[in-house]
Amino acid sequence: MKNVLETFGIIALVAIIGFSMAGCKNDDDGGDPKPQTGGGLSAPTGLRAMAFSSSGIAVNWNSVPGATGYKVYNGRTPEVAFVGNVDSNSGYNNNLPANTTVYYRVSAYNSSGEGPMSSVASATTLSSGNYSLNGVWKAANNDWQITVSTNSSGVSTGVISVISGSFGVIWDDAVNKGYVKVGTHLWENFRNTGNLTWSGDILGITHGSNPNVATGTGWYNNCTLTMSADGQKVTDVGSGVIWTRQ
C-alpha cells in the first residue's frame, strides 16, 4: 500500500507513523530543513519524483537500513518544508495543479532520532488532462519490475529492471533459457489512447504443445493497458496482470 501525500500534506491510506493534522504544514511556509545526524542512519539515496498526470507525482527512494519510517519534505521551491512521516520508501502526491513543479527531500528516522537529509528531487505535473506511464512498475505478487520511459513523441516503452519471483512456469522457463533478461523490452510503442488508457505491443512467451515449456518470445499487438484513477496501478487488460507503481 502507498503512503499518500495530498496537496503538500499527508493523509493515511494505511497507517502513517506519527501523523496528525496538527503536524501538517503547508509547503509555502518555507524554511530550510536542517540536516540531522541522529539515529545512526544514513541519508536516503536514489530519491526520484515523476509526474504521472496533470495532478499527480509519484515519489520513491532507496530504503535505509535501521529506519522505522521516513520524514517527507516538499515545496514549490528547493527550500522545502516538513509535511509529515510515512512508513515506507514511496508515496505520491495527488490533487496538485497542472504544470506545477514540486521539490522533495526525505530523511530516515528511528527511535534514536532522524538521520541526514537526502538530496533534492523534483518533478513537474503534466498539462491539464494528460497522463503518463513513466515510472517503475512491479507485477502483483512477485518481484518483476518494468521501468517505463516516454520519448518526445509520446511513445512509451518499458524494460524489465528486476527479474526474481515468478510469473508462472512458462515465464520462469523463458528466463532460464535466456529469452527474457534484465533490460528486455516488455512493453513497446504504447500511446495514450484515452483517459487512463494506452494501446501498444506486449512481449509474450511462445510455446509448443506443452504450454509450460517456452520456445521463444513473440509480440502481441494492439494490447491495452489501463491505469487506476490515482495513477498507482496499471492493468494489462489481456492477461489481467496488475502492476503497482514503485
### Query
What net charge do the residues around residue 223 carry, taking every other residue with its C-beta under 9 Å from that of residue 223, with Lys and Arg at +1 and Asp and Glu at -1?
-2
### Task
Rounded to the nearest 0.05, what FRET efficiency do residue 124 and residue 155 give with R0 = 22 Å and r taken as the Cβ-Cβ distance? Could you check?
0.65
## Note on the structure
Within the under-9-Å Cβ sphere about residue 121, not counting residue 121, Lys/Arg +1 and Asp/Glu -1 give a net charge of +2
### Summary
Note, the range 194-199: 3J(HN,Hα) by Karplus (6.51, -1.76, 1.60, θ = phi - 60°), whole Hz, Gly/Pro = x, goes x, 5, 6, 10, 10, 10
### Cβ-based net charge around residue 213, under 12 Å, with every Lys or Arg adding one and every Asp or Glu removing one
-1
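Laboratory data are not the source of any read-out in this text; all were calculated from the coordinates shown. Here the structure is a predicted model, which is why all the values come from computation and not from measurement. Backbone-built Cβ (ideal geometry, glycine too); neighbour counts: all protein chains shown.
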